[in-house]
Number of protein chains: 2
Amino acid sequence: MRHSGSAPSVEPAGIADLAVALRGQVPRHCILTRTEDTRPYECDGLSLYRTLPPMVVLPENEEQVVAVLKACAALNVPVVTRGAGTGLSGGAMPHAGGVLLGLAKLNRIKSIDPASATAVVEPGVRNLAISEAAAPFGLYYAPDPSSQIACSIGGNIAENSGGVHCLKYGLTVHNILSARVVTIDGEIIELGSKAPDSPGLDLLSVFIGSEGMLGVVTEATVKLVPKPATACVVMASFDSASAAGEAVASVIAAGIIPGGLEMMDQRAVRMVEPFVHAGYDLEAQAILLCESDGTLAEVEHEVAQMRDVFHRAGATRLQVSTSEQERLMFWAGRKNAFPAAGRISPDYYCMDGTIPRRHLGRVLEAITRMEVEYGLRCANVFHAGDGNLHPLILFDSNRPGEVERAERFGAAILELCVEVGGTITGEHGVGIEKINQMCVQFSREEMDVFSRLKRAFDRPGLLNPEKLIPTLARCAEYGKMRVHNAEIRFPDLPRF
Amino acid sequence: MRHSGSAPSVEPAGIADLAVALRGQVPRHCILTRTEDTRPYECDGLSLYRTLPPMVVLPENEEQVVAVLKACAALNVPVVTRGAGTGLSGGAMPHAGGVLLGLAKLNRIKSIDPASATAVVEPGVRNLAISEAAAPFGLYYAPDPSSQIACSIGGNIAENSGGVHCLKYGLTVHNILSARVVTIDGEIIELGSKAPDSPGLDLLSVFIGSEGMLGVVTEATVKLVPKPATACVVMASFDSASAAGEAVASVIAAGIIPGGLEMMDQRAVRMVEPFVHAGYDLEAQAILLCESDGTLAEVEHEVAQMRDVFHRAGATRLQVSTSEQERLMFWAGRKNAFPAAGRISPDYYCMDGTIPRRHLGRVLEAITRMEVEYGLRCANVFHAGDGNLHPLILFDSNRPGEVERAERFGAAILELCVEVGGTITGEHGVGIEKINQMCVQFSREEMDVFSRLKRAFDRPGLLNPEKLIPTLARCAEYGKMRVHNAEIRFPDLPRF
């Protein structure tokens, strides 16, 4: 709770007028203004940053969403939209002078059509609830962020959420067919279509991942996929992180697209194993978890291929799950890495960067060198198949300087991701957490296009302001602008 | 050649100044202004519409592209970018007062990286040339428009091109990782990244399919995929088009994602068979071609599944290719449908609409009824798995009224596509051909967002003006605005 926006002592201009404007349009019980009611909304999953919103509105239908946005546009009041509040980059942190628009009550699954393998849902529907509703038809919704039990599809759309199965089944953007969106002017537009392609500019793709800056979703049509008949995990040990990294590249190069392909380094394995007893190899410098799913014949064939690739890549030990129970146990270790970190370290900072897969080994080695430089330990769990890194920097906020060192360590990892041709976020978004690193990732010209594109949807600039796109002044203060020619600054790094 | 823009009798304002401005920046041999030199550029694959460009510039490198765009911005000269000129919707038709910017000379394959399965190419590289260059590594570039021997990757990006294999491998948008783009201001921006996800707004997806209205690509990084070990086609006959349509839905519902899934109706089969001798069933009302690709074990298993699904869906005859030669012969019929149409009809009009797969049977029946209404024959070949229709309306332009009837028949098919929840183009783009139907597909609010988004990239509005986004006046003249509630106007059509 270091970076805390002060609670407004007086109600900001516009909010009182807004309360008047919403009378008769939004029921009184849907509007919260007392501190004890608004407190639960002061942050999302990035609890380092908090701001008490002067007003929370929880509409019950689309008409009320339209009324709120029209009133905010008329009174020039900023709007921050919130799904389930599980985001990790502060995208749903409230604005001190604005409305927090919570969509939790828009939680109906409107229809499931097994013939077209689609579902029409409201934005507050939980990710896992879609799969539960589709289960009787043998279908499920593929993107599975680890928060899937709680996070909502509206939030998934805002952040373009990923998950363990994204390598094979794609990110949110690959699994949404269309979205019904209310603009800040209160206009309703339909983005995308139920058909595979859509004419005109692809507004849906640019909307997905736009972190609440372009409009408010009131309905989405999502793609469902058939549940695979069976699944199996191959677990491979390696005597170096770079050998494991090479093995990941070899799997992909062999033409295999695993259902999931995850990597944990020795620190992560030793952190998790005493907690979960997943059967992990404590002597390995790194392990890979590689899942095959499909029909029995496909899985048998693919598992044999995977074993062969890992063997040739120098695996020191291979284990294949022999039952559904064992498969789930193998995954349980990976999925509990974050709570396990909490057991061995007072604090941890979960990073989220993405790199081209070929640089996995090199980046891991660089992180190991940084551990010495910053005097902090780092456990590494990766969506390796996607090149999506989640280094967990372990620190103790009670020790002087460790918080700052952890932040600098994290920033250095993200900048390394950019240098090798990757990005500063894989699936957690930019929000406020990574707004400074945007200065490193993008040129001024590119950010100008972002700003103009935002204004194409949101002319007054009221939707989630001060997030995602840094101002020129902020980048100047941060002291970093993007390096266009990485080979000049970092001559030892190969260009992708 | 009915709709022909008149050749400018005097050089439009700006063009003479432009020739001066480009001196010393673009070599003289790269600038064409004499009518005999510019004539080959007067149209693209939609030869119904022609305009002689006052100047054609064929730059040899990115610096020259920057110089052309900066000069055009300074002198307020419109720019139409052209790849190989194989587009079917007039997207590369020149502007009577502007520059035609041809990128054919930017045709280098800069690198192929088998470890990351990517290639870096210039925009003028032909689609098939990428696969040929990647073949020694066992890789290929998946999207395969039927013009792939000639069309360029830059044009594929402009149109978001598809092909027979898009059902399994995706459209162009799913196979491009990043693009280097020059804006009308001459700024260079990088869209997307080599990593799977990219922070900030997804500018790459909105750029792909934007039909030359946002910027000019000078380099693209494309995804390559491993060549499948084997492939096999199942050909199924049905005694009605709707039974074949149902069978398509059943294949997808069974969880099979075929490498290709194509449909031809009896008129198309009887048109093609005497020409190609592919072994098609002339008694069937419709046939399906369903391809499985992968390892031998996968293909064997999947072909058995496909046979089973078709059998249960009421197939009257099943043939499975027993050799690579026979597989290619099965496809040869489908791929030669357009030339075959040319043998039996003086003229034909190839349509391109997309519908949700479940409506295939219903839409086919409606097209049959329209044949009577408009007094013209229509042969139907479909990318059935994608729900992408290519009805071929057969007519004779020498018979009075047939051209107009063919156009009205085509427009009616596209509007039917919209009514059942589909779109007015599957893979050929809007260009000038379908600009009127955009009025039916989108609301004014949605088109306003398109316009503002275009201006976010192209402030002066000089890139491919008067294409893709219709003006309000045009829609008023066309007399059609989008119907928001299809169930009111067409009570007999189910809502998707």
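The values are calculated or read from the model by the stated rules, or taken from the named source; none is laboratory data. Predicted model only: the values in this text are computed from it and were never measured. For neighbour counting, all protein chains shown are included, and Cβ atoms are generated from backbone atoms with ideal geometry for every residue, glycine included. Just the protein is used for accessible areas: all its heavy atoms, side chains included, with ligands, DNA and RNA removed. Shrake-Rupley method; radii C 1.70, N 1.55, O 1.52, S 1.80 Å.
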Looking only at other chains, what is the average number of their beta-carbon atoms within 10 angstrom of each beta-carbon in B:253-260? 3
Calculate the length of the line joining the C-alpha centroid of the range B:401-418 to that of the range B:231-268, in whole Å. 26 Å
Amide H contacts under 5 Å for residue A:55, restricted to residues at least 5 apart in sequence or on another chain and with H modeled in the peptide plane, are A:100
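Would you tell me the mean number of C-beta atoms belonging to other protein chains that fall within 10 Å of each C-beta in B:351-360, as a whole number?
Values: counts 0, 2, 2, 7, 4, 9, 6, 5, 3, 0.
For peptide B:351-360, the averaged partner shielding equals 4.
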Test item: B:442-453 mean partner chain Cβ contacts at 10 Å: 6
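Using a simple charge model, +1 on the beta-carbon of Lys and Arg, -1 on the beta-carbon of Asp and Glu, nothing else, what dipole does chain A show about its Cα centre, in debye to the nearest 20? Before the final figure, lay out each step's value.
Working: 46 positive and 58 negative charges, 120 e Å.
I would put it at about 580 debye.
Considering only DSSP beta bridges whose two residues both sit in chain B, what percent are antiparallel, to the nearest 5?
Details: 59 of 69 bridges.
Just about 85 percent of them are antiparallel.
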What whole-number value in Å² describes the accessible area per residue of chain A for a 1.4 Å probe? 37 Å²
per DSSP, antiparallel bridges as share of beta bridges in the range B:38-154, % nearest 5, sits at 40 percent
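Rounded, prolate or oblate: which fits the range A:15-102, taking a ≥ b ≥ c as square roots of the Cα gyration tensor eigenvalues, rounded meaning a/c under 1.5, else prolate when a/b beats b/c?
On the way: a/c = 1.79, a/b = 1.71, b/c = 1.05.
Verdict is prolate for the range A:15-102.
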At 7 angstrom along the Cα-to-beta-carbon line, where would the label on residue A:277 sit relative to the other copies? Give the distances in nm, shortest first. 7.3
Determine the alpha carbon to alpha carbon distance for each of A:467/B:194; A:105/A:194; A:454/B:454 and list only those over 18 Å. A:467/B:194; A:105/A:194
At a 1.4 Å probe radius, carbon and sulfur cover how many percent of the accessible area of the protein assembly as shown? 51 percent
To the nearest 20 Debye, how big is the dipole of the range B:230-338 about its Cα centre, given +1 on the beta carbon of each Lys and Arg and -1 on that of each Asp and Glu? 260 debye
In whole angstrom, the spacing between the Cα centers of the range B:136-203 and the range A:435-459 equals 22 Å
For residue B:111, enumerate residues with amide H under 5 Å from its amide H, sequence gap 5+ or separate chain, H modeled in the peptide plane. B:120
Could you compute how much accessible area chains B and A hide from each other, both sides summed, with a 1.4 Å probe? Nearest 100 Å² is fine. 5500 Å²
Which whole-number percent gives the relative contact order of the range A:161-213, counting Cα pairs below 8 Å spaced six or more residues apart? 28 percent
The range A:25-40 - phi-based ³J(HN,Hα) in whole Hz, Karplus 6.51/-1.76/1.60, Gly and Pro as x: 10, 10, x, 4, 6, 8, 10, 10, 9, 6, 3, 5, 8, 8, 3, x
Would the range A:113-226 count as rounded, prolate or oblate if I go by the C-alpha gyration tensor, calling it rounded below 1.5 in a/c and otherwise prolate when a/b exceeds b/c, oblate otherwise? prolate
Would you work out which of B:436, B:96, B:128 lies farthest towards the positive end of the dipole of chain B? Charges go on Cβ: Lys and Arg +1, Asp and Glu -1. B:96
Distance in whole Å from the B-onto-A rotation axis to the closest C-beta of chain B, together with the residue it belongs to, please. B:205, 2
Could you tell me which of B:418, B:406, B:381 has its Cα farthest along the dipole of the range B:380-429 towards the positive end, charges placed at Cβ (Lys, Arg +1; Asp, Glu -1), taken about the Cα centre? B:406
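On alpha carbon coordinates alone, what is the Rg over Rh value for the protein assembly as shown, Rh being the Kirkwood radius? Please report the intermediate quantities before stating the final value.
Working: Rg = 28.3 Å, Rh = 29.5 Å.
Rg/Rh: 0.96.
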Using DSSP, restrict attention to beta bridges with both residues in the range B:15-102 and report what percent are antiparallel, rounded to the nearest 5. 20 percent
Rg/Rh ratio calculated on Cα atoms of chain A (Kirkwood radius): 0.97
Reachable lysines from residue A:227, Cα under 20 Å, same-chain residues fewer than 8 places away excluded? A:168, B:168
Residue A:378's amide H: which non-local residues (gap 5+, or another chain) put their own amide H closer than 5 Å, with H modeled 1.01 Å from N in plane and none for Pro or chain starts? A:394
